[in-house]
1. Which pairs in the list A:Lys89/A:Lys180; A:Lys39/B:Lys84; A:Lys63/A:Lys91; A:Lys17/A:Lys39 are over 19 Å apart, alpha-carbon to alpha-carbon?
2. With a 1.4 Å probe and all protein chains kept in place, how do A:Asp88, A:Asp220 rank by accessible area, largest first?
3. What is the calculated FRET efficiency for A:Asp177 to A:Phe112, with r their C-beta to C-beta distance and R₀ = 30 Å, to the nearest 0.05?
4. Can you put A:Ile217, B:Ile98 in order of accessible area, largest first, using a 1.4 Å probe?
5. Between B:Phe74 and A:Lys146, what is the label-point separation in nm under the 7 Å Cα-to-beta-carbon projection?
6. Would you mind giving the total buried accessible surface between chains A and B, with a 1.4 Å probe and ligands, DNA and RNA left out, rounded to the nearest 100 Å²?
7. Mind checking A:40-49 for the average number of partner chain beta-carbons within 10 Å of each residue's beta-carbon?
8. Please give the FRET efficiency for B:Ile65 paired with B:Ile32, using the beta carbon to beta carbon distance and R0 = 25 Å, rounded to the nearest 0.05.
Amino acid sequence: MFHGLTGSPFEMQKYGKFLFANGYDVFGVCLPGHGEYQKEIYTVTFDEWIDFAAKKLDELSEKYDEVFLSGLCLGAVLSLAMAEQYPDKIKGMVLLSTTLYLDGWRLPWYKFLMPVGLHTIFRYFYTYPECEPYGVKNERTRASIKRILAKPDVGMDNFPMCAFHELLELSSVVREDLKKINIPSLIIHAQEDDLTSVRSANEVYQNISSKDKELIILKDSYHMVLYDNEKEFVFNKALEFFNAHSQKSEVCL
Amino acid sequence: MIIKIFMITSFLFFCELLTGVLYFYRHQNRFIKEKSVMLGAWALVFYIFSAFLTIFYVKYSLKPIIFLCSVSPFIIGYYSSYKKLMFFTVLQLLVIVIGVLVVL
């Protein structure tokens, strides 16, 4: 499982526990520049994310008969990258809030300055603060997230612009080769995603070559679909997908 | 007139970037830090815009230099890295100075 940009394995925990309780071995990895290595987020590149993911995939492929991938936000884009490069090692994937573009409704009025922020040295100076609605439509959950974000090992409370830059660089690499993907895929995206619009999910769904693919648009959630109003629906849909495509006894995610 | 505007925006961008890098962009107070970076971004936008316009008002031989000044933030941004940030910031400041000296 791959977490989102500036997140940590913590944000995949409930999802992972649910799948583990239903018989899957689950591995939630901490991407370079995240978690305890937060300071490295200014120096990490998308190549390092790809190399790290490939190494983990390789390790799991040796131990398990079947490996599924699941990712949120950046994690979903990374899953796509792995599916393009190592289709033989992956049985299927579940993509949550795939972030190929930063075009959500939450982005501030000065988003037209993004090229200046992303492509000049200002990307190392500017950090976009995590703010309302924190990717969550459910107000009670949102309040909990605000409290949890105060803890350092959960995730960052701001997005360094250089991290966005690396995400978008990864996205442009992935978008070029979407047609190479032919593994079973389930794409889940919120209609009202505040960070990235359904354009990302639609582009993935329309361009991958998988014959077995499904796109689900959630009507009552924002970006953090694993914590929002329809989280049980997301968990169950993912489980259905894994159960439908798993044939062997030893499976991991 | 356009050349004067270019000189003013260059001066403002130079001051903003220098003071920002030395102090404001690393300020403990997040509000000050964010607003100063935003100010820097706006100064950069005006600098790029005025540099681009200045191309049409300088001598033919100086047009390529001013054009390079206008795209320099993106060229420097492309090659920059966090580890060599100070180097690239100084380079950007030098480019601003060169642009002003060229039009003087």
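The values are calculated or read from the model by the stated rules, or taken from the named source; none is laboratory data. Please read all numbers here as calculations on a predicted model, not as lab measurements. A quick note on method: Cβ atoms are made from the backbone with ideal geometry, for glycine too, and the neighbour counts reach across all protein chains shown. Each accessible area value is taken on the protein alone, full model and side chains, heavy atoms only, with ligands, DNA and RNA left out. Shrake-Rupley method; radii C 1.70, N 1.55, O 1.52, S 1.80 Å.
1. Listed pairs above 19 Å: A:Lys17/A:Lys39.
2. A:Asp88, A:Asp220
3. Calculated value: 0.55.
4. Sorted by accessible area, descending: B:Ile98, A:Ile217.
5. If labels sit at A:Lys146 and B:Phe74, their model points lie 4.0 nm apart.
6. Separately minus together, A and B give about 2000 Å² buried.
7. 1
8. 0.10
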